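The values are calculated or read from the model by the stated rules, or taken from the named source; none is laboratory data. This structure is a prediction, so every number in the text was calculated from the model and none was measured. Virtual Cβ from ideal backbone geometry, glycine too; neighbours counted across all protein chains shown.
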Amino acid sequence: MKIRRGFVSNSSSSSFLIFVDKKPATIEETQKLFLGDDEFYPNPYHDPDSSYFNDRPASYPAKVVASDVFESLKFCAPSAFDTM
C-alpha cells in the first residue's frame with residue numbers, strides 16, 4: 001500500500017482516504033490544514049510546452065481549492081482508524 005501526503009494528481013486516483021484529527025469546520029481551517037499558508041495551489045496539469053495542457057492555468061487560488069475540498073468533506077463520514 002502506498003501512503004501519500006498532499007494531493008494526488010493522476011486521474012486514476014478518484015478514491016482516497018484522508019485521516020485528520022478533526023474534520024475542518026470552515027473553508028479557512030481546510031485551507032490551513034491541507035494547503036498551509038500558500039495563497040495559490042500549483043496546477044499539476046499545467047504545461048506551457050504541451051499543445052494539450054497549455055490552456056490550463058498555472059495555479060488556482062488556494063481558497064477555491066480549499067472550498068472544493070471542504071464541500072467534498074461534507075459527504076464524508078468519520079471512521080475509527082483503530083478498528084480497521
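Checking each residue in the range 19-55 for being modelled with pLDDT of 80 or more, loosely packed, with under 10 Cβ neighbours inside 10 Å and of a type in the set (D, E, K, R) picks out ASP21, LYS22, ASP37.
Among ASP68, ASP55, ASP47, ASP37, which is part of a loop (DSSP other than H, G, I, E, B), under 28 Å from PHE19 (Cα atoms), out of contact with any helix residue (DSSP H, G or I) (no Cβ under 8 Å at 6 or more places or on another chain) and not small (Gly, Ala, Ser)?
Working: ASP68 fails: part of a loop (DSSP other than H, G, I, E, B); ASP55 fails: under 28 Å from PHE19 (Cα atoms); ASP47 fails: under 28 Å from PHE19 (Cα atoms).
None of the others qualify; the one that does is ASP37.
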